[in-house]
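S.K.: Can you read through this structure? Questions will come right after.
The values are calculated or read from the model by the stated rules, or taken from the named source; none is laboratory data. Computed from a predicted model, the values in this text were never measured in an experiment. Cβ sites come from the backbone with ideal geometry, for glycine too, and all protein chains shown count toward neighbours. Surface areas here come from the heavy atoms of the whole protein model, side chains and all, with no ligands, DNA or RNA. Shrake-Rupley method; radii C 1.70, N 1.55, O 1.52, S 1.80 Å.
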Amino acid sequence: MTLETYRIPVGDWIDVAVDWMTDNLEWLFDGIADFLSALIDGLGAALDAPSALVMVAIAALIALLVRGWRFGVFTALSFALVATMGLWADAMSTLSLVLVASAIAVLVGVPLGIVSARSDRAASVLRPALDLMQTMPSLVYLIPAIVFFGIGKVPGVVATVVFAMPPAVRLTELGLRQVDPETVEAGEAFGASPFKILTRIQVPLALPTIMAGVNQVIMLALSMVVIAGMVGAGGLGAVVFRGVTRLNVGLGFEGGLSVVIMAVFLDRITAAFGQRASRRVSH
Amino acid sequence: MSAIEVNNVYKVFGHKADAAVRMLQGGASRDDVADATGTVPAVIDVSFSIEPGEIFVVMGLSGSGKSTLVRCLNLMHPPTSGTVSVDGADLQSLSAGELRQLRAEKISMVFQHFGLFPHRTIIENAMWGLEVRKVPEAERRERAARALELVGLSGWETSYPGELSGGMQQRVGLARALATDADVLLMDEAFSALDPLIRSEMQELLVGLQQDLRKTIVFITHDLNEAMFLGDRIAIMKDGRIVQIGTTEDILQNPADEYVSAFVQDVDRSRVLTAAAVMEEPVAKILLREGPQAALRQMRKRQTSGLLVVDARRRLVGAALDDDVIAAIQRDEHSLDAIVRSDVATVSPDTPLAECLIPSAESRLPLAVVEDGRLLGVIPRVTLLTALASGKNGAPTETEVSS
């Protein structure tokens, strides 16, 4: 008698749960799908509406204002390269997916981080869930996402949100827990309400760490959006995927290089906001 | 009415806190209760009352429960059992909102590591309590500026805490507490993180401010010299209990137990004790009108070579020495007027003993303690030395000196 003679059908249970959810929660998934596709399409259209030249100029201006002229020049040249490789529309489509997924991940993740910083019990429930979200191979998320939402951009965004959210939760919790307890006591001792202590003391002091979390969310979102290209999310991910399936090295490299250029831009811009926050705190 | 009244307060941390309090009330020791219930009894059966305008110092080593106790006074640590009232209002009966209002208006606090907000300017830090209370912006700014002026920080309003030295940062902490005009100031090891020089500067600042402001101050410290310099009364805490409450002199002269006397051993008594604390009833004295014969009789009776001379209203006139008295009797004089020496060494009652040493060494007679011309008492050299030596290991006790 060996342990292998027994089979615990974990996979079957999951299938049953997924079937039940597709049968009974269709209205919910449809609602989410409608909302998300409206958001993605709207943002995508807005980003793609001006000519590439105008958008490159806007991006270069943002880079110039946030980090200085060197990064402004780099951004202008690298974005122009993306456009001249003929991947501009794909890049904007990817950018809209990244921005929507990151915004949702931050809007859900930061409050969850606040909750788990305030309650050890919440933290002990959330921590293993976050571990699961981060270590589960990211392709696995795509399967239920397709089942619930079909193929296209929506399952891509949903899978990306799940994959990219953990740093927002973790770093928000870390940042809040690292705030000097005496400053929190000082808030309390002068009669401030818990909400006021949170918004006027804890969050401002934790902001550099929270911003590092936001930065990580965006980076993870970008990497996942490429994988989501496989399920029809389009954009640069689809370009890369096409290159892989056709063994077209040149196309794959062009798509990959464009992803890197987007990543560098988003990383440096969000990191600069984090540095600003920490300069304000460490006076 | 007392400003703060604390009755039988217990604060126990842990799940079985109530059971632990019942055991402690039944007379169990702190360690037994901690072992049996897995709790941490931090404050055990503490009672005291503090008068308005008093500086009440709670003194104890780390782990004695003093910082927990001070947080029981504004309910940042609600007591497990017992009552705390401020201006007659029982704090535990207040709603959360009323309690916040009390903290914003009546009780403010100064922290060991200052607890300043690094992301706010100095004046924004000082305004915090008023901001919580929703005082209008202009008034807030004005009152905070006034508080900063009190602590000597005018001109630093727009700096950030990180740009200030430790001593200046704690001045901001003090200004933040003063800006709310709270009657009660809780100061938790407020000066302990500062260098010794800055610390005594801050102690003097606080004493100076207190002369005008007359706040009720609860000051927590582990430094007995600081306790004695600041405190009108001192409570000594050990293992969660208060072992003695009294004035500096009470504690130095009559330590309640071994623990307290071991503690006070290291105090610089010469700076803490004053002339009034050690002076004795003057016995070697004579009224001016009594004359040389009476003076001689008195000197023989007291076996001394000199007398202090006072008038009928006990005002110190001077001293009469034995050879002068005998010479006067031989000259058949009937009055002491001619021989009274006016160069008597005198000190005032609040002179620290350190400043009595040189006059005492240079004087043939005991030091006269004089207030407004009146003779209050005397300090014989041997009394002075005994007072300074007692409490130190191997020093002669009072009985050994007199035998």
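S.K.: Provide B:R199, B:R313 ordered by accessible surface of protein heavy atoms (probe 1.4 Å), highest first.
M.R.: Greatest to least solvent exposure: B:R313, B:R199.
S.K.: Mind checking which aspartates and glutamates have their Cα closer than 19 Å to the Cα of A:K153? Skip sequence neighbours fewer than 8 apart in that chain.
M.R.: Reachable aspartates and glutamates: A:E26, A:D30, A:D34, A:D41, A:D48, A:D90.
S.K.: Any chance you could list the semi-axes, whole Å, largest first, of the equivalent ellipsoid that the Cα gyration tensor gives for chain A, using √(5λ)?
M.R.: 33, 31, 16
S.K.: Which whole number gives the average, over all residues in B:121-130, of C-beta atoms from other chains lying within 10 Å of the residue C-beta?
M.R.: Average neighbour count from other chains, rounded to a whole number: 2.
S.K.: Rounded to the nearest 500 deg cm²/dmol, what is the calculated helix-only ellipticity per residue at 222 nm for chain B, with -39500 (n - 2.57) per DSSP H run of length n ≥ 4?
M.R.: -10500 deg cm²/dmol
S.K.: Still on this model: If you take the accessible area of B alone, add that of A alone, and subtract the area of the pair, what total do you get in Å², probe 1.4 Å, to the nearest 100?
M.R.: Roughly 2100 Å².
S.K.: Sticking with this structure for a sec: Residues with amide H under 5 Å of B:A190's amide H, sequence separation 5 or more or different chain, H placed in the peptide plane at 1.01 Å from N; which?
M.R.: Residues meeting the criterion, in which the H sits 1.01 Å from N, are B:I220.
S.K.: If I model a spin label as a point 7 Å beyond the Cα along the Cα-Cβ vector, how far apart are those points for A:V244 and B:S2 in nm?
M.R.: Simple spin-label model gives 7.5 nm for this pair.
S.K.: Put B:L153, B:L385 in order of accessible area, largest first, 1.4 Å probe: what do you get?
M.R.: The residues order as B:L385, B:L153, largest area first.
S.K.: Determine the order of B:R331, B:R297 by accessible area, beginning with the largest, at a probe radius of 1.4 Å.
M.R.: Descending accessible area places them as B:R297, B:R331.
S.K.: How large is Rg/Rh for the stretch B:1-145, to two decimals, with Cα atoms and a Kirkwood Rh?
M.R.: Checking Rg against Rh, the ratio lands at 1.04.
S.K.: Compute the separation of the alpha-carbon centres of the stretch B:192-239 and the stretch B:300-368 and state it in Å as a whole number.
M.R.: For the stretch B:192-239 versus the stretch B:300-368, the Cα centre distance is 39 Å.
S.K.: A further question follows. Assuming a viscosity of 1.567 mPa s and a temperature of 4 °C, what translational diffusion coefficient in µm² per second does Stokes-Einstein assign to the protein assembly as shown, Rh being the Kirkwood radius over Cα pairs?
M.R.: Estimated via Stokes-Einstein, D reaches 40 µm²/s.
S.K.: Sticking with this structure for a sec: Student exercise: in chain B, how many lysine pairs 8 or more apart or on different chains have Cα atoms under 22 Å apart?
M.R.: 10
S.K.: So, with +1 on the Cβ of K and R and -1 on the Cβ of D and E, and no other charges, what is the size of the charge dipole of the stretch B:202-278 about its Cα centre, to the nearest 20 debye?
M.R.: It comes to approximately 220 debye.
S.K.: Would you list the P(r) distribution for the stretch B:92-174, with all Cα-Cα distances sorted into 10 Å bins from 0 and each bin expressed as a whole %?
M.R.: Final binned percentages: 18, 49, 26, 7, 0.
S.K.: Turning to a different aspect of this structure: Quick one: accessible area per residue over the protein assembly as shown, 1.4 Å probe, rounded to a whole number of Å²?
M.R.: For the protein assembly as shown, the solvent-accessible area averages 47 Å² per residue.
S.K.: Still on this structure: Considering only protein heavy atoms and a probe of 1.4 Å, how much of the accessible area of the protein assembly as shown is carbon and sulfur, as a whole percent?
M.R.: 57
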